[in-house]
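Inspection log for the structure reproduced underneath, given as structure tokens.
The values are calculated or read from the model by the stated rules, or taken from the named source; none is laboratory data. Keep in mind it's a predicted model, so treat the numbers as computed, not measured. Every residue, glycine as well, gets a Cβ built from its backbone with ideal geometry; the counts of neighbours run over all protein chains shown. Remember, those area values only see protein heavy atoms, side chains included, never the ligands or the DNA or RNA. Shrake-Rupley method; radii C 1.70, N 1.55, O 1.52, S 1.80 Å.
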Amino acid sequence: MNSQELVFTNNVGEAIDTIAARLNPSKTFVLVDVNTQSFVLPRLQALSQTVAGATLIVTRAGDMHKNLDSTQAIWKRLGDEGATRHSLLINVGGGVVTDMGAFAASTFKRGISFINVPTTLLGAVDASVGGKTGINFGSLKNQIGVFSQADTVIVSTLFFNTLTVEELRSGYAEMLKHGLLEDADTFNSLLGRHVEDIDPDTMLDLLQKSVLIKKDIVDTDPEEKNIRKALNLGHTAGHAFESLALERKSPIPHGYAVAYGLVTELVLSCMKLSFPSDVLHRFAAYVKEEYAGFHFSCDDYPRLLQLMHNDKKNLTAADINFTLLKNIGDVTIDCIVSEDDIKSALDITRDLLGI
């Protein structure tokens, strides 16, 4: 799997037109959700001749619609509008659009070219980069998908002024995760800020550093056979929290689930690998202040454990597999943790977050 091109720029329209001219597709399509259609598309059509002239595909917004029905609708529209293997799909939106659009493009006629233009902080730092595509199946996250790199990902902060504080915080949680994987200076710099107060130029610089941390890991292990599993930090517990919230019909943003999952997995890191407790407490205090709102009790533990057992990253169905840290920047992958230890970590998580 080839490494994808990353372009960091706020001249998004010019970048799209340059890439499209190089690819010279037989036909160009743009995928948006209903929110992006309202808040972003008119602006992007004014900036890019390619987008202005493309055939539009609109999908419903929200993670609950990142499913097979929505993907089938994208495939059908591509087919009905005469897409060929030489067509181009430009995915403009958050992580739902780039995940699902990339999966649809990668499987339609065995694969057509696609460009990701993330319009959210979460989409820019996480979903659009790294070649993972996919959709949810049942109540489980990202169960169906393939590894497939975008031709290009255009990373910008141009559309972040359309985002709520909640959406900004959701993306910032993934940046905090990258900081934990990198080094103490990077992590402490992020932990000392509130994302809603960061100006666009500074944010683009922080975003570039964060995305390149992920890209370096992905380039080393594109299909997640080894060190790429580091990027799962916070996600085994986080996806369980996210799935539980979906089942309750009260979904929480992905980044919020990751923030809670990071607390749980740093607790496990303290228990298993002697991760510094002072770093855990500083991080948990930040999460409590910035991401408060999700409640779970010991009555939810059996379902959370069941969801963790179903996580696609597990080595066997009997084990629950975590990425943990010995220290900031010192990762240990494939850590099998017992259910009793996970329950203890969930108890401590609730205590730290005041749940």
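Observations on the model:
- Under Karplus coefficients 6.51, -1.76 and 1.60, residue-wise ³J(HN,Hα) of the range 138-151 in Hz, glycine/proline x: x, 9, 9, 6, 6, 7, 10, x, 9, 7, 7, 7, 4, 4
- Value of Rg/Rh across the chain [Cα atoms, Kirkwood radius]: 0.96
- 15 Å reach of a label modelled at residue 110, 7 Å along Cα-to-Cβ, counting backbone N of the range 1-43: none
- Residues of the range 256-284 with amide N under 13 Å of a point placed 7 Å along Cα→Cβ from residue 351: 267-268, 271, 281
- Our estimate of slack between residue 68 and residue 289, defined as 0.36 nm per intervening residue step minus the Cα-Cα distance, is 75.9 nm.
- In plain terms, if you count all Cα to Cα distances in the range 1-70 and split them into 10 Å steps from zero, the share in each step is 17, 43, 35, 5 percent.
- Label sites at residue 49 and residue 298, each approximated as a point 7 angstrom past Cα along Cα to Cβ, lie 6.8 nm apart.
- Computed over Cα pairs, the Kirkwood radius of the range 13-152 leads via Stokes-Einstein (0.692 mPa s, 37 °C) to a diffusion coefficient of 226 µm² per second.
- Residue-span extension gain [residue 271 to residue 319] - 0.36 nm each, minus C-alpha spacing: 15.5 nm
- Heavy-atom surface of the chain, accessible at 1.4 Å and reported per residue (Å²): 40 Å²
- Within the accessible area of the range 125-167, the carbon and sulfur atoms contribute 53%, probe 1.4 Å, all protein chains present.
- Equivalent ellipsoid dimensions for the range 218-355 as semi-axes, Å, which come from the Cα gyration tensor, largest first: 21, 18, 15
- Solvent-accessible area, 1.4 Å probe, carbon plus sulfur percent, for the range 263-338: 51 percent
- Residues whose amide H lies under 5 Å from that of residue 332, counting only those 5 or more places away or on a different chain, are 324, 325, 326; hydrogens are built 1.01 Å from N in the peptide plane.
- Shape descriptor for the range 194-299: Rg over Rh equals 1.00 (Cα atoms; Rh from the Kirkwood inverse mean 1/r).
- Computed per residue of the chain from DSSP H runs no shorter than four, each worth -39500 (n - 2.57), the mean residue ellipticity at 222 nm is -15500 deg cm²/dmol.
- Portion, in percent, of the accessible area of the range 192-242 that falls on carbon or sulfur, probe 1.4 Å: 46 percent
- For the range 294-304, 3J(HN,Hα) computed residue by residue from phi via the Karplus equation (6.51, -1.76, 1.60; θ = phi - 60°) reads 9, 10, 8, 10, 5, 5, 8, 4, x, 5, 4 Hz, glycine and proline entered as x.
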